[in-house]
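> Submitted below is the structure of interest, expressed as structure tokens.
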Amino acid sequence: MKDLKLNLSVIGLTKLKSVFIETPDNTVVHSNTHLVISVAHEFMNLGYIMSGELYNKLCTLQDNEIVGIAKRTLKGLRVMKGAHVEHNPMYPNFPQQVIDMSLAESLINQLIHYWSAGTLLPSYEKERRSYGLEKGVKYQMIGVCSREDIFGVFTRLLSSNDSIKSTDKEIIEYFIENYNPSELPYPASIPYKENVCIVGGMFITAGKDINGLVKNATDVLRIATYLSGGDISLVTNTKFKSFPRSIRRVFANALENVIKEEDIKRHQNKWIKLFHSLHIGEYSKKVADIARKAREGKALYSVAGDIVANLNKGQIKDVVKLLQHRAGDYARMLDELLRKNPESSDMIVHYFSGVADKVSTRVLLQVYSHFMNRKSFIKRKRVIFPKGSVQSALILPDYTTEINDYVIENIIDVVDETLLERFGKLEDMNKVFIDERLVNCPLPTQLRSASESVSTVARGTRMPIGDDSTLRFFVYWKGEDIDLSATLHDEKFEQIGYCSYTMQKNSEYKAYHSGDMTHAPYGATEFIDIEIEGALKSGARYIIMNLYVYAGPNFNKHEVCFAGWMTRSEPKSNEIFEPKTVVNKFDIVSASRNAIPVVFDLQTREAIWCDLTTPGKQHWGGNNVESNKASTEQVLDAIVHVNKFNLYDLFLLHANARNAEFVDTSEDADYVFGLYDGINPTNIDIINSEFIV
């Protein structure tokens, strides 16, 4: 998180939800229960509770040790909940003040604020707020961790089979920068290429060789992109740095061993720029010859080009033969092959079965999910989340060509058998409990653009929000004008109402805005309250939390910007910002101007995590709810109908393959897969490293 400087304590707190305690051996054991109880009270004010192990450990420490640990930990917990800053809305007696305020008074206040360029605010005395018992607080457990536990985070992140968050990349960098290679528990292999480039980039910076890391020219391109501060997913272009001679020589040596024309053709324009930056002709004739062909626009050989050419000619046998050596590409092209060559379906499936064991687990799970849901794609649009540093949902048209049910069943059987055989090679799991609610939790993927939050989960994950009466959204920022809005939608996803700076009191849907702040050099907060039952009775099924940059730079250019939501049973009592009621707080740091962090399904009382950006659309009224109505409705439709492989099915496959005995309660289990304990949707690095093998 931006407001916390990385160290072992911060990594333990943010990644393991644990306090790092390292005490020397043979220390005198103390009994400081009175002081530890005071610390536990501060934890609870922030919505956290100590585990029994943490409580007992703290009780054995000296006063100064407890105070030092408490200061570090409470600082981190406040940042995690957004309680490290002051939250002062325009109307200090929100929400009742807004409910009682006339339209005329509200308009006059806003006009004065706008005409003064955001420097003048209405003056109201802050009334003493009554106490109300917040019944729905879900306290999160904070445990204790060791140095070994924290170093295990480094191992798991590098073992991930998918992209990781930018903050997780910073953790990898922290370990490599601050510890000797002999101290670091590197995994046996680094399966994900983007993680290879981080290690490779830091090795080069330290003057180390990278030949053992890179497997192809694209690995080299990623490392150069990383060192130049570019997008290592290679979706966008990068302005490459002018590298010193020593680093240019390392790159040239690595390329000499792995370069193929096909890899260069895949990212030809990027390579032309990188070759120029590397002065490649000074180091390697082999590489320089290929670089010259690329610059001069001469044909570069590509197996992928042969595949496309044969596919266009209808020479399916030749396509299949070429794909035998490219199992991952075969899996990704299955639908296209079957649609274009229905008469050869049996042959296509037969040859795929012969290479399925060479396809990565993640791609197999994607194939499984795709064909399980393929019939629904005939009737409705599909949503995918393309890779890149800015995460946007891409809406694809529905399929018009059906595939025979028998063929689909055969593909699913092939994938199922392959995964069971693969997982069956892992150690037995003994007694297992799997929470059925994990059906609502998609497999984590495409996390490179994920926002840093209290609880990071995969996009599309549904989480219960409890029985509290009110949703309270908030956004805090420093800089220019950011607006918080809420749109209300019916069963068909059509927008039927909203609450924003243009409608601060929507009595029909019981939605209220705390006032539009436009100038925040020292920080500003906006809130929105929505009474759940009131909105439901008025016809709203879904509520979308929207964030818009009205004026100024993108979110990532603001000094700070974070948002979140609370659930409140006593919205008119206690402080407006109560940390213990914050369900999730997340940093908004995308290079965009529109963000949709979360959707709420009022009927099922679930939050659906989105963490998406949408294209900014403005009319004469600015970047706001009114000008983004169409894109908001489209994203809602897409996110509600996300068809992705879910965690329940993943863990079920593992259990069936690894001789598990299913038990009815988590207390009786050796492995617990649930929403709040054991392996759960927030354990993304564990899932990606230990269950997608």
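The values are calculated or read from the model by the stated rules, or taken from the named source; none is laboratory data. The model shown is predicted, which means the values in this text are computed figures rather than measured ones. Ideal geometry is used to build each Cβ from the backbone, glycine not excepted, and the neighbour counts take in all protein chains shown.
> Considering only the stretch 555-570, state which residues are in a helix (DSSP H, G or I) and over 11 Å from residue 587 (Cα atoms).
Within the stretch 555-570, 557 is the sole residue that qualifies.
> Identify the residue in the stretch 565-610 that is within 21 Å of residue 548 (Cβ to Cβ) and of a type in the set (Lys, Arg) and, among all such residues, is surrounded by the fewest Cβ atoms within 10 Å (Cβ to Cβ).
The residue in question is 593.
> Also: Would you be able to say whether some residue in the stretch 132-153 is without any contact (Cβ under 8 Å) to a residue 24 or more places away in the chain and within 30 Å of residue 690 (Cα to Cα)?
Looking through the stretch 132-153, at least one residue is without any contact (Cβ under 8 Å) to a residue 24 or more places away in the chain and within 30 Å of residue 690 (Cα to Cα).
> If you take the residues in the stretch 105-139 that are assigned to a loop (DSSP other than H, G, I, E, B) and among the aliphatic types (A, V, I, L, M), which one is surrounded by the most Cβ atoms within 10 Å (Cβ to Cβ)?
137
> Taking residue 283, is it surrounded by 17 or more Cβ atoms within 10 Å (Cβ to Cβ) and either out of contact with any strand residue (DSSP E or B) (no Cβ under 6 Å at 6 or more places or on another chain) or closer than 30 Å to residue 691 by Cβ (or both)?
Against the criterion (surrounded by 17 or more Cβ atoms within 10 Å (Cβ to Cβ) and either out of contact with any strand residue (DSSP E or B) (no Cβ under 6 Å at 6 or more places or on another chain) or closer than 30 Å to residue 691 by Cβ (or both)), residue 283 qualifies.
> Check every one of the helices (runs of 4 or more DSSP H) wholly within the stretch 261-369 and list those with 3 or more residues that are hydrophobic (A, V, I, L, M, F, W, C).
268-278, 285-295, 303-313, 316-323, 327-340, 345-355
Residues checked against (1) outside the structural domain of residue 232 (by TED's automatic domain parsing); (2) within 21 Å of residue 555 (Cα to Cα); (3) in a loop (DSSP other than H, G, I, E, B):
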| position | (1), (2), (3) |
| --- | --- |
| 467 | yes, no, yes |
| 473 | yes, yes, no |
| 477 | yes, yes, no |
| 484 | yes, yes, no |
| 491 | yes, no, yes |
| 496 | yes, no, no |
| 515 | yes, yes, yes |
| 527 | yes, yes, no |
| 533 | yes, no, no |
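> Oh, and also: What number of residues within the stretch 94-128 satisfy the criterion of being in contact with a Lys or Arg (Cβ under 9 Å, 6 or more places away or on another chain) and farther than 22 Å from residue 507 by Cβ?
0
> Just one of 439, 415, 407 is of a type outside the set (Ser, Thr, Tyr), in contact (Cβ under 8 Å) with a residue 40 or more places away in the chain, surrounded by 19 or more Cβ atoms within 10 Å (Cβ to Cβ) and outside the structural domain of residue 163 (by TED's automatic domain parsing); which is it?
Of the residues listed, the single one that is of a type outside the set (Ser, Thr, Tyr), in contact (Cβ under 8 Å) with a residue 40 or more places away in the chain, surrounded by 19 or more Cβ atoms within 10 Å (Cβ to Cβ) and outside the structural domain of residue 163 (by TED's automatic domain parsing) is 415.
> To continue, here is another question. Just wondering, is there one or more residues in the stretch 24-31 that are touching a helix residue (DSSP H, G or I) at 6+ places or on another chain (Cβ under 9 Å), buried (at least 17 other Cβ atoms within 10 Å of the Cβ) and either free of Cβ contacts under 8 Å to residues at least 40 places away in the same chain or of a type in the set (A, V, I, L, M) (or both)?
No, that holds for no residue.
> Yes or no: residue 651 of a type outside the set (A, V, I, L, M), modelled with pLDDT of 95 or more and in a strand (DSSP E or B)?
No, not satisfied.
> For the stretch 183-221, give me each residue that is among the hydroxyl-bearing types (Ser, Thr, Tyr) and over 22 Å from residue 260 (Cα atoms).
Hits for the stretch 183-221 are 186, 189, 205.
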